[in-house]
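Student: I'd like to ask some things about the structure below.
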Number of protein chains: 2
Amino acid sequence: MPALDLTRTSVELTADLVDVFSVSGSETELADLVEQALRPHTHLEVLRDGDAVIARTNLGRARRAVIAGHLDTVPVNDNLPSRLDGDGILWGRGTVDMKGGCAVLLKLAAELTDPAVDVTWVWYDNEEVAAELNGLGRVSRTRPDWLAADFAILAEPTDAEIEGGCNGTLRAEIRTRGRRAHSARAWAGDNAIHKAAPVLALLAAYEARTVEVDGLAYREGLSAVGISGGVAGNVVPDEAVVTVNYRFAPDKTGGDAEAYIRELFADYDLRITDLADGARPGLDDPLAQAFVASVGSAARPKYGWTDVARFAALGIPAVNYGPGDPALAHADDERVPVEQIERVEAGLRTWLTS
Amino acid sequence: MPALDLTRTSVELTADLVDVFSVSGSETELADLVEQALRPHTHLEVLRDGDAVIARTNLGRARRAVIAGHLDTVPVNDNLPSRLDGDGILWGRGTVDMKGGCAVLLKLAAELTDPAVDVTWVWYDNEEVAAELNGLGRVSRTRPDWLAADFAILAEPTDAEIEGGCNGTLRAEIRTRGRRAHSARAWAGDNAIHKAAPVLALLAAYEARTVEVDGLAYREGLSAVGISGGVAGNVVPDEAVVTVNYRFAPDKTGGDAEAYIRELFADYDLRITDLADGARPGLDDPLAQAFVASVGSAARPKYGWTDVARFAALGIPAVNYGPGDPALAHADDERVPVEQIERVEAGLRTWLTS
């Protein structure tokens with residue numbers, strides 16, 4: 001693979017990054033290319049942890065921003081190499097999630113030798129797989145000082161808009177129990193699937209809150225995302241499991257959310273299988289307000305959970321800002337309008353040079 | 001394997017049959033032994049179809065009974081060879097389902113050279129697997145004349161009581177549909193699992209009929225036997241499937257049962273996946289009444305579907321009568337009190353010699 005040329009446009013650089021295969025767990029080649037491209041830039045201190053690369057200015061500014069993107073992608077499905085069509089759309093795995101953002105960060109890291117705030121640029125690994133493998137999580141546990149900052153921007157696809165914070169997410173298994181019997185003598189058993197009726201009725205009737213946090217309106221949701229039960233075609237089943245996913249506004253902690261769900265399903269055996277705090281948008285910070293002003297459009301709430309919550313857990317307010325439609329993030333026809341890549345580059349550049 | 005000795009007691013003969021491995025599809029060795037043991041008995045015409053063996057008297061009696069048992073078993077699970085304990089319990093795969101019955105039939109076929117009615121004795125294959133493989137079904141399609149009779153007894157385990165006819169059985173998949181969305185934006189989707197709430201509520205509230213047919217009270221049942229749905233932990237699912245099993249009294253045909261279930265779930269996409277008519281007990285026939293009198297206890301209804309329905313489909317009223325507790329039929333600790341084997345032998349012998 002040829003070295004990355006950071007003098008190319010951010011759109012060209014996006015295509016270059018997309019064309020280096022980097023499905024989660026296979027990021028080393030791309031991380032090496034990123035590190036090698038940054039090393040010559042003497043205004044940057046370049047650090048490496050596994051397949052995460054960090055480059056930071058040390059200009060003694062009063063304030064510091066961390067700006068991050070992940071290098072890995074979900075599996076490729078006949079959608080590489082990248083292809084730029086005549087309508088200014090760049091197609092291919094990773095164009096949205098999130099090599100467009102990574103390319104902008106690389107270009108600006110190299111070019112902005114004298115930014116208005118100190119910047120810690122981060123490219124990390126394993127965002128698309130199990131949380132315990134997440135490269136940003138690893139660095140935040142083992143090298144929290146590398147991430148120290150007053151404000152964070154994560155280049156998640158947002159259609160080039162600022163999306164503040166994120167909702168938290170909780171998953172729980174709600175289990176009903178009964179007694180097995182041959183279905184020819186159903187009265188001898190106690191049907192656990194039938195007992196799930198009120199659980200589903202509660203979910204069907206549930207009205208989710210919309211909550212304002214730091215000026216943004218967060219809409220919640222409570223959904224069954226799975227249901228299973230049954231032993232065989234002639235057996236009254238003794239167990240059924242409904243898996244629910246609760247997306248909660250960042251005014252609640254994970255603990256609040258768990259207590260709420262436990263109370264809602266108090267009559268049932270409930271096990272929490274996954275719980276991640278949300279993140280407040282932190283848009284009351286003057287640094288954040290200056291960024292919003294530079295981008296020039298109002299911030300929106302982020303509904304999906306993203307790694308901004310890892311910054312929030314370090315006490316760093318964080319927003320999402322990157323090119324691409326999040327609904328196309330893992331789609332086989334993943335594609336980004338190059339205009340959005342250029343717009344995100346301009347937004348960050350304006351803020352960091354003003 | 002040594003030849004079967006039909007002069008041994010029916011209990012000893014049960015152990016001999018149990019000790020010949022005959023999981024469905026592997027019945028040839030046992031069928032060969034049965035055929036070879038019967039061939040020397042000149043009062044019997046011995047017929048063979050695949051691994052089914054038929055032996056019949058041709059005494060010109062006014063009436064004929066068919067008495068049948070299946071040679072195959074469900075898979076062995078460390079429960080062979082057979083073992084007779086000190087309390088008169090014979091343990092092992094097939095002791096209940098249904099080599100005790102097969103042994104009684106073999107012994108009586110050999111000994112009763114002059115029965116009161118002509119008898120067609122049947123030992124068949126593949127009862128424990130897919131219906132299309134069933135040996136009795138095969139013979140009834142290809143050689144219905146071999147099964148011609150006025151009354152049928154099937155040696156299914158009934159704790160040595162007469163259980164008349166059987167309920168029918170219908171399975172259906174009830175499908176709800178919605179629209180996928182990311183669960184972080186649940187309002188953009190339409191949750192198919194939530195839509196299954198009224199299906200489960202209907203099942204939970206359902207009150208099954210009890211119906212008298214030919215003097216026996218058949219209890220029905222409607223059970224969810226399976227439920228599934230879900231795409232991933234962060235996706236509002238677009239489909240859920242509830243599988244129900246309806247056990248219907250033999251006053252309904254399969255067609256009646258299907259119409260009833262389609263009306264009950266008229267609001268849903270419903271697909272019938274399995275449907276088998278039940279069987280009337282036919283206990284109004286004098287031949288059946290004489291049999292009940294010989295056994296000496298009142299007949300009960302059979303709830304589970306059995307191959308008596310195959311006789312019913314040929315126009316032959318049929319009852320179940322065999323040693324063993326049906327609840328132990330497929331259990332790893334399958335076992336039969338030898339007293340029940342002896343009782344079934346005596347019941348059939350009394351009837352056929354009176």
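Student: On a full-extension model of 0.36 nm per residue, what is the gain between A:LEU80 and A:LEU328, subtracting their alpha-carbon distance, rounded to one decimal in nm?
Tutor: 87.7 nm
Student: Let me ask you something else. Heavy atoms only, 1.4 Å probe, whole protein assembly: order B:ILE227, A:ILE89 by accessible area, highest first. Please list the in-between numbers first.
Tutor: Details: B:ILE227 10, A:ILE89 40 Å².
Descending accessible area places them as A:ILE89, B:ILE227.
Student: Hey, another quick one. Working only with C-alpha atoms, what are the Rg and Dmax values of the protein assembly as shown, expressed in angstrom?
Tutor: 36.2, 114
Student: Residues in the range B:25-41 near a label at A:ALA232, defined as backbone nitrogen under 20 Å from the 7 Å Cα→Cβ point?
Tutor: B:25-27
Student: For the protein assembly as shown, give the share of DSSP beta bridges that are antiparallel, in percent and rounded to the nearest 5; count only bridges with both residues there. Provide the component values of the computation, followed by the final result.
Tutor: Values: 101 of 135 bridges.
For the protein assembly as shown, the DSSP antiparallel bridge percentage is about 75.
Student: Using a 1.4 Å probe over the heavy atoms of the protein chains, calculate the carbon and sulfur portion of the accessible area of chain A as a whole percent.
Tutor: Details: 6440 of 13250 Å².
Ligands and nucleic acids excluded, carbon and sulfur reach 49 percent.
Student: Using a Cα-Cα cut-off of under 24 Å, which lysines could be cross-linked to B:LYS107, ignoring same-chain neighbours fewer than 8 residues away?
Tutor: Partners found: B:LYS99.
Student: Still on this structure, please answer the following. Using r as the Cβ-Cβ distance of A:ARG209 and A:GLU111, and R0 as 45 Å, what FRET efficiency do you calculate, to the nearest 0.05?
Tutor: 0.55
Student: Let me ask something additional. Residues of the range A:1-39 with backbone nitrogen within less than 14 Å of a virtual label 7 Å along the Cα-to-Cβ line of A:LEU133, please, listed as ranges.
Tutor: Residues A:22-28 qualify, since their backbone N sits under 14 Å from the label point.
Student: Do you know the relative contact order of chain A, to the nearest whole percent, from alpha carbon pairs under 8 angstrom that are 6+ apart?
Tutor: Value for chain A: 23 percent.
Student: Let me ask another. Of all DSSP beta bridges located in chain B, what percent are antiparallel, nearest 5?
Tutor: Just about 75 percent of them are antiparallel.
Student: Tell me what the protein assembly as shown gives for mean residue ellipticity at 222 nm when only DSSP H runs of n ≥ 4 count, each as -39,500 (n - 2.57), the sum divided by the residue total, rounded to 500 deg cm²/dmol.
Tutor: -7500 deg cm²/dmol
Student: Please report the buried accessible area for the interface of A with B, total over both chains, probe 1.4 Å, in Å² to the nearest 100.
Tutor: Roughly 3000 Å².
Student: So what are the ³J(HN,Hα) numbers for the range A:304-313, from phi and the Karplus equation (6.51, -1.76, 1.60; θ = phi - 60°), rounded to whole Hz, Gly and Pro as x?
Tutor: Working through the residues one at a time gives x, 6, 9, 5, 4, 5, 5, 5, 4, 5 Hz.
Student: Can you compute the label reach from A:ARG262? Point 7 Å from Cα along the Cβ direction, backbone N cut-off under 16 Å, restricted to the range A:156-191.
Tutor: Inside the label zone: A:170-175.
Student: A follow-up question, please. Between A:ALA201 and B:ASP251, take the C-beta separation as r, use R0 = 30 Å, and let me know the FRET efficiency to the nearest 0.05. Don't jump to the answer; show the numbers that get you there.
Tutor: Numbers: r = 34 Å, r/R0 = 1.13.
Rounded to the nearest 0.05, the efficiency is 0.30.
Student: If you don't mind, there's one more thing I want to ask. For the protein assembly as shown, report the accessible area per residue in Å² (1.4 Å probe, heavy atoms, rounded to an integer).
Tutor: Heavy-atom accessible area per residue stands at 37 Å².
Student: Within chain A, which whole H helices from DSSP have a Cα span along their axis of at least 24 Å and a mean Kyte-Doolittle hydropathy of 0.0 or more, if any?
Tutor: Helices meeting the criterion: none.
Student: Here is a follow-up. Between the alpha-carbon centers of the range B:37-115 and the range B:118-155, tell me the distance in whole angstrom.
Tutor: When both Cα centres are located, 13 Å separates them.
Student: Leaving out same-chain residues fewer than 8 places away, which lysines sit with a Cα under 17 Å from that of A:LYS252?
Tutor: Those lysines meeting the cut-off are A:LYS302.
Student: Going 7 Å from Cα along the Cα-Cβ axis for the label, what nanometre distances separate B:LEU314 from the same residue across the other copies?
Tutor: 8.0
Student: Ok, one more. Give me P(r) over the range B:216-260, computed from all C-alpha to C-alpha distances, binned every 10 Å, as integer percentages.
Tutor: 22, 34, 22, 15, 6, 0
Student: In the range A:180-218, what residues drop by 40 Å² or more of accessible area when the other protein chains are put back, versus the chain on its own? Use 1.4 Å, and skip ligands and nucleic acids.
Tutor: Listed in order, they are A:SER183, A:ALA184, A:ARG185, A:TRP187, A:ILE193, A:HIS194, A:ALA197, A:LEU200.
Student: Between copies, how close do the A:PRO144 label points come, placed 7 Å along Cα→Cβ, listed in nm from shortest?
Tutor: Label-point distances to the other copies, shortest first: 8.2 nm.
Student: Moving on to the next point. Considering only the label points, 7 Å along Cα→Cβ from Cα, what distances in nm to one decimal separate A:ASP78 from the same position in each other copy, shortest first?
Tutor: Those label-point separations list as 4.8 nm.
The values are calculated or read from the model by the stated rules, or taken from the named source; none is laboratory data. Because the structure is a prediction, the values reported are computed rather than measured. Neighbour counts run over all protein chains shown; Cβ positions are idealised from the backbone, glycine included. Side chains included, ligands, DNA and RNA excluded: accessible areas come from the protein's heavy atoms. Shrake-Rupley method; radii C 1.70, N 1.55, O 1.52, S 1.80 Å.
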